[in-house]
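Enquirer: Right, I'll just put the structure down here and ask away after.
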Amino acid sequence: MLYSPVMLRVRFAPSPTGFLHVGSARTFIFNWLYARRNGGTMVLRLDDTDVERNTDASVNSIYEGLRWLDLGWDEEYKQSERLGLHRQIAESIFQKGLAYRDFTPAHTGDSERSGALQTWLFNPGMRELSRAESDRRVAAGEPFALRFRVPRGTGALVRFDDAVYGEQVKAADDIEDFALLRSDGMPTYHLASCADDVDLRISHIIRGQDHLSNTYKHVLIFEAAEGKAPQFAHLPLLVAPDGSKLSKRRHGPVVSVTTYRDAGFLPEAFINFLCLLGWSPKDDREKMSRQELTDAFSLEGINRSNTVVNFKEPAATPEETFDPKAVWLNAEHIRALPVEDLSARLLPIVREAGFQVTPERMLKVTPLIRERIKLLRDVLTAADFIFVEQLPPYDPAELIPQKGDSAMALKALTRAREVLATTEFTHDGLDQALRAAAQELGIKAGQMFQPIRVAVCGRKNAPPLFETLEVLGRETVLKRIEQAVLEVG
RNA sequence: GGCGCUAUCGUCUAGGGGUUAGGACGGAAGAUUCUCAAUCUUCAAACCCGGGUUCGAUUCCCGGUAGCGCUACCA
């Protein structure tokens with residue numbers, strides 16, 4: 001086993017207030033890649049301190065999304081089970097004089113202040129409260145919030161070096177006395193997060209850029225708690241085509257990972273796509289396997305500006321919903337999959353749609369559609385005619401070949417019926433027999449093939465004819481041609 | 001309002017003081033196969049604006065503008 005000089009540990013810390021969305025998924029992936037690339041440890045931590053908004057359903061949906069990604073993690077924690085640790089660290093910060101009690105009644109959800117017209121730094125009168133006075137009010141049972149005592153008027157600077165955004169500096173005077181503990185004794189996000197990062201020995205915090213400004217507070221906590229902050233790397237945000245941040249309410253299911261799964265994305269393609277948003281391998285590669293991504297990943301390749309996920313707002317067809325590049329990448333990955341593998345992934349989808357199909361049969365069908373599907377679910381529209389017993393009705397006019405008429409269609413079909421009754425049902429056998437038949441009838445091969453194709457597939461656009469006939473088998477083919485003959489005649 | 005981050009084709013991006021500003025997706029046109037798809041070829045498409053530094057800025061600096069983030073006893 002290899003040991004890096006410092007133990008590299010990263011974490012993914014979602015708060016279970018909704019489904020796993022694409023931005024979180026990307027954060028998870030980047031953390032995972034970084035850990036794997038450098039022989040580090042990947043920690044999953046559920047940041048569930050917000051009792052009001054956390055739900056079990058959300059926890060499950062996060063697991064569901066992560067499981068589909070199929071990347072795994074090494075250690076797992078629940079923040080709600082570590083409240084003692086958080087309070088302990090808050091207490092030690094308080095004892096060092098770096099925090100103070102604020103007895104001002106809570107302003108939870110006070111929208112005047114967030115969105116704010118003026119800068120709020122601290123509640124007057126509380127910072128200077130003497131320890132004796134503070135203790136007296138606690139003894140009297142007054143509730144209080146614990147606030148960090150940010151240095152004031154000293155010209156102090158808070159700084160950290162971000163692996164993506166570079167050196168960051170902010171005047172302590174511009175940072176408000178943020179809360180560590182709420183008046184009900186529960187830790188705030190800032191405290192809980194940093195306390196856990198300290199305790200779990202997290203070495204690198206890779207997270208969304210929406211935390212960049214919060215990081216100054218975190219640095220203050222880290223320094224108060226253990227003297228040293230971990231390395232930070234902030235990721236550019238994923239945004240909607242209109243530049244707004246992704247939200248389920250505004251943008252619908254396209255922001256949920258399970259939507260991609262259900263639509264028939266391959267997890268490796270989805271991962272590939274997400275990696276290309278805000279990160280570049282710096283060469284011209286686009287389609288990359290999990291291993292290639294792991295090998296190529298580095299923090300230096302991460303961008304600094306917001307990235308648009310180019311989906312269609314209220315989508316028309318399912319395929320048009322998604323970023324075209326994601327769809328293209330998925331098709332690329334589908335075509336790169338061994339037939340056996342692809343077939344195995346297609347089978348459950350086909351069965352779930354109500355078709356009785358054996359793995360052996362699916363294996364035969366797969367090559368026909370492999371280059372014609374972009375999402376796994378497309379198998380249902382690409383190969384439906386193979387699975388159905390009875391072809392859905394189609395327009396008999398479709399049977400008429402290019403530059404031909406119904407007489408030609410009839411001629412082709414009746415001849416085909418004869419020929420196919422005896423020909424060997426292999427690609428080459430069918431090829432020869434049908435081409436010969438066309439020649440006999442004095443029509444072009446295409447004019448011969450199209451009526452057959454429509455008769456057999458129920459539409460003009462379908463997989464190559466000979467392979468299709470072969471897979472369908474003589475019985476079905478003859479039956480469908482017979483039916484088509486009746487339609488034309 | 002305050003503080004901060006960002007700015008290359010429609011989108012994802014490469015590049016970087018002197019380049020025909022490269023690639024990909026998507027779009028258009030063509031080639032090709034029995035249709036479709038795949039594949040191949042070609043085309044259209046970008047350095048936010050204004051100053052400064054410089055022999056020379058898309059690149060470096062400053063300002064503006066725009067977008068985004070933070071500004072909660074949410075995370």
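Throughout, read-outs are computed from the coordinates displayed, never taken from laboratory work. Everything quoted here is computed from the prediction, not taken from an experiment. Neighbour counts run over all protein chains shown; Cβ positions are idealised from the backbone, glycine included.
Enquirer: List the residues whose amide H sits under 5 Å from the amide H of residue A:279, counting only those 5 or more places along or on another chain, with H placed 1.01 Å from N in the peptide plane.
Expert: Those lying under 5 Å, H to H, from residue A:279 are A:303.
Enquirer: Compute, for segment A:450-489, the length of the dipole vector about the Cα centre, with Cβ point charges of +1 (Lys, Arg) and -1 (Asp, Glu) only. Units Debye, rounded to 20.
Expert: So the dipole magnitude of segment A:450-489 works out to roughly 120 debye.
Enquirer: Based on the Cβ-Cβ distance from residue A:478 to residue A:336, what FRET efficiency comes out when R0 is 25 Å, to the nearest 0.05?
Expert: Calculated transfer efficiency: 0.10.
Enquirer: Right, something else. Segment A:392-489: D in µm²/s via Stokes-Einstein (Kirkwood Rh, Cα pairs, 10 °C, 1.306 mPa s)?
Expert: Translational D for this selection: 124 µm²/s.
Enquirer: Sticking with this one: Tell me whether chain A comes out rounded, prolate or oblate; compute the Cα gyration tensor, take square roots of the eigenvalues as a ≥ b ≥ c, and use a/c under 1.5 as the rounded threshold.
Expert: It is prolate, given that a/c is not under 1.5 and a/b is the larger ratio.
Enquirer: Rounded to the nearest 0.05, what FRET efficiency do residue A:88 and residue A:201 give with R0 = 25 Å and r taken as the Cβ-Cβ distance? Could you check?
Expert: For R0 = 25 Å, the calculated efficiency reads 0.95.
Enquirer: List the GluC sites (Glu not before Pro) within segment A:39-148 that fall in a DSSP loop (any state other than H, G, I, E or B) and whose Cβ has at most 16 other Cβ atoms within 10 Å.
Expert: Those that pass, being in a loop and sparsely packed, are A:52, A:112, A:128.
Enquirer: Which value, in debye to the nearest 20, gives the size of the charge dipole of segment A:49-149 about its Cα centre, when Lys and Arg are +1 and Asp and Glu are -1 at the Cβ?
Expert: 640
Enquirer: Cα to Cα, under 16 Å, and not fewer than 8 places away if on the same chain: which aspartates and glutamates meet these conditions relative to residue A:411?
Expert: A:398, A:440, A:482, A:487
Enquirer: Over 30 Å between Cα atoms, which of A:96/A:170; A:170/A:248; A:325/A:479; A:96/A:245; A:325/A:444; A:245/A:282 qualify?
Expert: A:170/A:248; A:325/A:479; A:96/A:245; A:325/A:444
Enquirer: Another one. Taking the Cα centre of segment A:46-92 as origin, sum charge times position over the Cβ atoms of Lys and Arg (+1) and Asp and Glu (-1), and report the length of that vector in debye to the nearest 20.
Expert: Using only the charged Cβ atoms, the result is roughly 100 debye.
Enquirer: Now a separate question. What number comes out for the charge environment of residue A:150, summing +1 per Lys or Arg and -1 per Asp or Glu over other residues with Cβ under 11 Å away?
Expert: Combined, the nearby Lys, Arg, Asp and Glu give +2.
Enquirer: Near residue A:200, within a Cβ-to-Cβ distance under 14 Å, what is the net charge of the other residues, with Lys and Arg +1 and Asp and Glu -1?
Expert: In short, -3.
Enquirer: Under 13 Å from the Cα of residue A:374, which aspartates and glutamates turn up, not counting those fewer than eight places away in the same chain?
Expert: Straight-distance partners of residue A:374: A:319, A:320, A:323, A:332.
Enquirer: Report the one residue of A:61, A:486, A:205 whose Cα lies farthest in the direction of the positive end of the charge dipole of chain A (charges on C-beta: Lys and Arg +1, Asp and Glu -1; origin at the Cα centre).
Expert: A:205
Enquirer: Same structure, new question: List the trypsin sites (Lys or Arg not before Pro) within segment A:1-87 that fall in a DSSP loop (any state other than H, G, I, E or B) and whose Cβ has at most 14 other Cβ atoms within 10 Å.
Expert: Within segment A:1-87, the qualifying trypsin sites (Lys or Arg not before Pro) (loop, at most 14 other Cβ atoms within 10 Å) are A:53.
Enquirer: Taking 60 Å as R0, compute the FRET efficiency from the Cβ-Cβ separation of residue A:312 and residue A:135 and round it to 0.05.
Expert: After rounding to 0.05, the efficiency reads 0.50.
Enquirer: Between segment A:233-288 and segment A:416-472, what is the C-alpha centre distance in whole Å?
Expert: 43
Enquirer: So, one more: Multiplying the sequence separation of residue A:305 and residue A:107 by 0.36 nm and subtracting their Cα-Cα distance, what value in nm do you get?
Expert: Value of the extension gain: 67.9 nm.
Enquirer: Can you list residues whose amide H is under 5 Å from residue A:186's amide H, if they're 5+ apart or on another chain and H is modeled 1.01 Å from N?
Expert: Those qualifying (amide H under 5 Å, at least 5 residues apart or on another chain) number zero.
Enquirer: Say the dipole of chain A comes from +1 at the beta carbon of Lys and Arg and -1 at that of Asp and Glu; which of A:90, A:366, A:347 then lies farthest toward its positive end?
Expert: Working it through, the farthest residue towards the positive pole turns out to be A:90.
Enquirer: Assuming a ≥ b ≥ c are the square roots of the Cα gyration tensor eigenvalues, decide whether segment A:337-387 counts as rounded (a/c under 1.5), prolate (otherwise, with a/b larger than b/c) or oblate.
Expert: Here segment A:337-387 falls in the rounded category.
Enquirer: Once each part is reduced to its C-alpha centroid, what is the distance from segment A:368-383 to segment A:32-63 in angstrom?
Expert: One Cα centre to the other: 34 Å.
Enquirer: Nearest 10 degrees is fine. How inclined is helix A:22-37 to the longest principal axis of chain A, computing both from alpha carbons?
Expert: Value to nearest ten degrees: 80.
Enquirer: Once you sort the root eigenvalues of the Cα gyration tensor of segment A:29-71 as a ≥ b ≥ c, which label holds: rounded (a/c under 1.5), prolate (a/b larger than b/c) or oblate (the other case)?
Expert: The shape class here is oblate.
Enquirer: Still on this structure, please answer the following. Please list the non-local residues whose amide H lies under 5 Å from the amide H of residue A:178, H modeled 1.01 Å from N, same-chain partners needing a gap of 5 or more.
Expert: Amide H to amide H, under 5 Å and 5 or more residues apart or across chains, residue A:178 pairs with A:148.
Enquirer: Shifting gears a bit: Among A:443, A:462, A:407, whose Cα lies farthest out toward the positive end of the dipole of segment A:396-488, if unit charges sit on the beta carbon of Lys, Arg (+1) and Asp, Glu (-1)?
Expert: A:407
Enquirer: Would you please state which residues of segment A:445-489 a label at residue A:421 would reach in this model, taking the label point 7 Å out along Cα→Cβ and a backbone N cut-off of under 13 Å?
Expert: A:478-479, A:482
Enquirer: What value does segment A:133-228 have for Rg/Rh, both radii from Cα atoms and Rh as Kirkwood defines it?
Expert: Checking Rg against Rh, the ratio lands at 1.01.
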